[in-house]
Amino acid sequence: MRLLVVGGGGREHAIIWKLGQSALKHEIFCAPGNGGISEIAECVNIAADDISGLLKFAMDKNIDFTIVGPEVPLALGIVDEFKKEGLSIFGPDKNGARLEGSKAYAKQLMEEYGIPTARCAVFHRYEEALEYVRAGSFPVVIKADELAQGKGVTICGSFEEADGVLKELMINKIFGEGETVVIEEFLTGPEVSVLAFCDGNALVPMVSAQDHKRAFDGDAGPNTGGMGTFSPSRYYTKEAEEACRKTIFEPTLKALKDRGGYQGVIFFGLMLTKDGPKVIEYNCRFGDPETQVVLPRLKGDLLEIFIACSEGRLNELDIRWEDNAAACVIMASGGYPGKYEKGIPIAGLAEAANEKDVMVFHAGTKNINGEILTDGGRVLGVAGWGKSLDSAIEKAYEAVDLIKFKDVHYRRDIGRR
């Protein structure tokens, strides 16, 4: 088989790494890829949101199966365009991708099907949104309706802070042309991420994970795309899992079936509140960096699962997981999530690669004449796994200590909070 993986981050590196363990013989292309991916797949200089370019490449190269990593091409309808040409592809269509592409749409779906979530209101005008927060209590959560690369959510502790966020989103439109915002009540409790395979008729949850969004230790600083993660969550008990199945997973599957079906991965961002689990957000794809700790724990053949999902026969598979744990530490460029320098040489990658039960997933790197340089905010995801969560965390940090580049920044409390 000839495979095409769309994307160029740590998530896509993890997917391709796992695909490399498949018993099915295949050749992998990745568009656009990155420095680490270039060592295990053929990278193609086509942007992930260049739908027409990706379609032409897939047809010219006789690609048998395509896997879409990021949310943007899904929201743009890459699955619809590929299927029009009779090409097999893994991921939800444009309608299904609205689950992530519009926070307001997702909230309406949850309300209609009784799926527990935070109370909220949707606004299209700045003045009306401002009056709503003026009359409310704090803290309050303000979300951009559209895609925002994991940075469209702000917890506001005061009216002045909320006013500034609303101006940025609705007047300055920092995340696009949309003016819609969702304003939610502030929930408390442990956050848990659960990804699930879905073929339109069946939904199979993966093992749980827990992300660290804030830039600095102690959950301080601005939100990022994710500074590290671990699996399993310390809080996702059998009781919590059963409650999620009954009140969230099964109703979500029914809602999506009623609305035209869904094939791909659903990311459930959950909060385990004193009133039970509630949905914070849905994503329409693998999470990043959650993928880097979930896939190393998968026992089965990932390619077989992808194909079964796309063919509506997920129930035929017995998907199992290792009885272990994994942790991933993001090594970022100095200044991230603000301004940062690119093109900095990275040392110690070979030494880290030689560590047992460790994998270094590249997120923002490039390969220039055999030298790996930084090329993004989140540069590397250093993952380790072991019998216990503590041993997995120790493995990851031992490998982190071997890798060096100028102004490197990473949190030192991943999995330890």
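The values are calculated or read from the model by the stated rules, or taken from the named source; none is laboratory data. Bear in mind the structure is a predicted one, so any value in this text is a computation, not a measurement. FYI the Cβ positions are ideal-geometry reconstructions off the backbone, even for glycines, and counts take in every protein chain you see.
Some notes on this structure:
Rundown of residues vs (1) free of Cβ contacts under 8 Å to residues at least 24 places away in the same chain; (2) in the same structural domain as residue 368 (by TED's automatic domain parsing); (3) within 21 Å of the chain's Cα centre (by Cα); (4) surrounded by 24 or more Cβ atoms within 10 Å (Cβ to Cβ), yes/no style:
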{"position": "7", "(1), (2), (3), (4)": "no, no, yes, yes"}
{"position": "18", "(1), (2), (3), (4)": "no, no, yes, no"}
{"position": "21", "(1), (2), (3), (4)": "no, no, no, no"}
{"position": "25", "(1), (2), (3), (4)": "no, no, no, no"}
{"position": "28", "(1), (2), (3), (4)": "no, no, no, no"}
{"position": "35", "(1), (2), (3), (4)": "no, no, yes, yes"}
{"position": "55", "(1), (2), (3), (4)": "no, no, no, no"}
{"position": "60", "(1), (2), (3), (4)": "yes, no, no, no"}
{"position": "64", "(1), (2), (3), (4)": "no, no, no, no"}
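- When the range 25-49 is filtered for residues that are under 27 Å from residue 370 (Cβ atoms) and part of a loop (DSSP other than H, G, I, E, B), the ones remaining, listed by number, are 26, 33, 34, 35, 36, 40, 41, 44, 45, 46, 47, 48.
- Subset of the range 56-73 (residues that are closer than 20 Å to residue 307 by Cβ and touching a helix residue (DSSP H, G or I) at 6+ places or on another chain (Cβ under 8 Å)): 58, 63, 65, 66, 67, 68, 69, 73
- Scanning the range 139-156 for residues that are assigned to a loop (DSSP other than H, G, I, E, B) and either at pLDDT 95 or above or within 23 Å of residue 377 (Cβ to Cβ) (or both) yields 139, 146, 147, 148, 149, 150, 151, 152.
- Residue 74 being farther than 14 Å from residue 5 by Cα, among the hydrophobic types (A, V, I, L, M, F, W, C), touching a strand residue (DSSP E or B) at 6+ places or on another chain (Cβ under 7 Å) and touching a residue at least 40 places away in the same chain (Cβ under 8 Å): no
- All strands (runs of 3 or more DSSP E) inside the range 305-410 with 3 or more residues being surrounded by 20 or more Cβ atoms within 10 Å (Cβ to Cβ): 325-332, 358-362, 378-386
Yes/no per residue for (1) buried (at least 22 other Cβ atoms within 10 Å of the Cβ); (2) within 14 Å of residue 282 (Cβ to Cβ); (3) touching a strand residue (DSSP E or B) at 6+ places or on another chain (Cβ under 8 Å):
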| site | (1), (2), (3) |
| --- | --- |
| 81 | no, no, no |
| 87 | no, no, yes |
| 92 | yes, yes, yes |
| 96 | yes, yes, yes |
| 103 | yes, yes, yes |
| 116 | no, yes, yes |
| 131 | no, no, no |
| 137 | no, no, no |
| 159 | no, no, no |
